[in-house]
1. MET107 fails exactly one of the following numbered conditions: (1) at pLDDT 80 or above; (2) among the hydrophobic types (A, V, I, L, M, F, W, C); (3) in a helix (DSSP H, G or I). What is the number of that condition?
2. Inspect all residues belonging to segment 95-102 and state whether any of them is out of contact with any strand residue (DSSP E or B) (no Cβ under 8 Å at 6 or more places or on another chain), closer than 27 Å to LEU57 by Cβ and surrounded by 11 or more Cβ atoms within 10 Å (Cβ to Cβ).
3. Are any of the residues in segment 40-61 modelled with pLDDT of 55 or more, in a loop (DSSP other than H, G, I, E, B) and either over 16 Å from GLY80 (Cα atoms) or touching a strand residue (DSSP E or B) at 6+ places or on another chain (Cβ under 7 Å) (or both)?
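The values are calculated or read from the model by the stated rules, or taken from the named source; none is laboratory data. Remember, predicted model here, so these are calculated numbers, not experimental data. Heads up, the Cβs are rebuilt from the backbone with ideal geometry, glycines too, and the neighbour counts pull from every protein chain shown.
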Amino acid sequence: MKRTYHRGNSGAYAQCPRDVAAGGQGNRHPAQLHRATVTPAQAVKGMTSSCEALHALIETSLNSDGRIRNSRPDVAGFIGYPIAHDAHHRGQVTRLARQHPLPQRAMFGMWEWG
């Protein structure tokens, strides 16, 4: 089953980058994890597997013509999509946090990645 993700207000949809990575390498991505029951170890394993598949796909693309099958326009656009998607969700969290005030340290916490 191919998942699609909305791209802003443009009405355009893109195939899930994880699906493109799995399909581009002839591999299957890990099964989707259920957010209510996933364990930290399962999450780490799934993210590691996805990271490895994306790394291999990007490396292959950069070593060839710079394109990724089923993705437009090129590898740079492919990498930019999850970054923009993450920023969109951070904006949603920020808006909700302002509507329902949280301690300031909670607001800064979402920017600490390490």
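1. MET107 satisfies all of (1) at pLDDT 80 or above; (2) among the hydrophobic types (A, V, I, L, M, F, W, C); (3) in a helix (DSSP H, G or I) except (1).
2. No, every residue in segment 95-102 fails to be out of contact with any strand residue (DSSP E or B) (no Cβ under 8 Å at 6 or more places or on another chain), closer than 27 Å to LEU57 by Cβ and surrounded by 11 or more Cβ atoms within 10 Å (Cβ to Cβ).
3. No, the conditions are met nowhere in segment 40-61.
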